[in-house]
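Note sheet for the following structure.
The values are calculated or read from the model by the stated rules, or taken from the named source; none is laboratory data. Nothing here was measured: the structure is a model prediction, and the numbers come from that model. We place every Cβ from the backbone using ideal geometry, glycine too, and count neighbours over all the protein chains shown. Heavy atoms of the whole protein, side chains included, go into the accessibility calculation; ligands, DNA and RNA do not. Shrake-Rupley method; radii C 1.70, N 1.55, O 1.52, S 1.80 Å.
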Amino acid sequence: MEEKVKKVEEKEITKANGMSVLLVLLAGLSVCVAVFIVSFIPVIETKLPGGLNICIRILCGICAMVLFIMLAGLHIANPNEAIVMTLFGQYYGTIKKQGFYWTNPFVSLVAPGKNVQKKISLKTITLNNKQQKVNDALGNPIIIGAVAVWKVVNPTDAVFNVDDYNTFLSIQCDSVIRKIARLYPYDLLTDNDGNDEEHEKTLRGSSQEIAENMREELQKKVKAAGIFVEEVRITHLSYAEEIAAAMLQKQQATAIIAARKKIVEGAVSMVQMAINQLSEDGIVALDEERKAAMTSNLLVVLCGNKEAQPVVNSSSIY
């Protein structure tokens with residue numbers, strides 16, 4: 001059975017007593033240095049037994065060494081920074097508030113990754129994820145890119161639960177984008193008449209909703225690393241180069257079909273209206289053959305791509 005990562009409960013260090021400890025240590029060092037120097041004054045050196053004088057100097061050196069070691073326990077936490085500490089391999093505590101602190105001088109600062117600073121930033125950070133090629137729900141290759149706005153809310157989890165939380169977040173962001181992009185088509189599906197199907201979410205038309213789904217999915221992935229994802233936005237979306245031209249032709253054909261359908265519907269209604277109006281007003285009586293000819297001529301004029309050139313008949317139409 002796979003073992004789970006042991007949860008480390010965060011223990012925040014809040015007592016900022018670094019300045020008072022620093023003053024005490026400096027005062028102690030000053031006393032040690034003063035006593036050490038005084039021990040070499042001939043008047044004082046002659047009055048003290050030789051062995052005692054040497055012991056005083058050794059004691060001053062030991063005290064000064066101890067005080068210098070204690071100086072290593074001083075730490076400065078800047079605004080929106082955190083410091084995670086361990087003591088001999090055990091979790092010691094976390095500093096999350098700004099201030100000047102003194103802790104056990106033997107504590108070690110834990111770095112959140114390799115070749116990075118040991119102080120963890122709590123600021124809001126933007127991850128500009130690189131563009132990647134994925135397949136949408138219809139199998140079409142697309143290029144998609146996203147940006148994630150995030151921050152560390154639990155620095156203890158960020159350093160103990162993952163090796164490098166920046167790399168971890170970047171990889172999880174790639175994974176979530178690929179997973180979500182495969183669930184939706186790039187654009188609306190169309191039927192044979194060129195009509196868009198309703199209630200269909202697409203990467204292009206429902207980008208805000210899909211970005212929110214990405215944020216929720218990414219938050220689940222990185223919660224163990226003490227990261228809070230504030231927002232995910234799609235910054236780039238396009239067809240891949242190998243099908244971009246073909247998809248453009250498809251979109252143009254769909255638009256042309258839809259436009260032609262509207263033109264034909266309008267032309268038929270106009271022809272019908274003209275024939276009915278001529279008959280009702282008694283302007284001219286048309287037999288079926290003449291109606292067919294008139295309908296043909298009007299449809300050619302109304303549905304043609306170019307402007308029609310009229311031909312005037314000066315003789316009788318019969």
Tell me which residues, restricted to region 95-109, are open to solvent by less than 30 Å² (accessible area, probe 1.4 Å) and either assigned to a strand (DSSP E or B) or within 17 Å of Asn78 (Cβ to Cβ) (or both). Ile95, Gly99, Tyr101, Thr103
If you check Val162 against the conditions, is it open to solvent by less than 40 Å² (accessible area, probe 1.4 Å), among the aliphatic types (A, V, I, L, M) and modelled with pLDDT of 85 or more? yes
Can you tell me how many residues in region 119-153 are open to solvent by less than 30 Å² (accessible area, probe 1.4 Å), not in a loop (DSSP other than H, G, I, E, B) and not polar (S, T, N, Q)? 12
Step by step: first the residues of region 234-268, then only those that are at pLDDT 70 or above and within 33 Å of the chain's Cα centre (by Cα), then the one that is surrounded by the fewest Cβ atoms within 10 Å (Cβ to Cβ). Which residue is that? Glu241
Quick check on my filter: what residues within region 123-141 are out of contact with any helix residue (DSSP H, G or I) (no Cβ under 7 Å at 6 or more places or on another chain) and either modelled with pLDDT of 85 or more or not aliphatic (A, V, I, L, M) (or both)? Lys123, Thr124, Ile125, Thr126, Asn128, Lys130, Gln131, Lys133, Asn135, Gly139
Out of all the residues in region 256-274, which are out of contact with any helix residue (DSSP H, G or I) (no Cβ under 9 Å at 6 or more places or on another chain) and basic (Lys, Arg)? Lys261, Lys262
Please work out which residue is farthest from Ala146 (Cα to Cα), limiting yourself to region 95-134 and to residues that are polar (S, T, N, Q) and under 23 Å from the mean Cα position of the chain (by Cα). Gln117
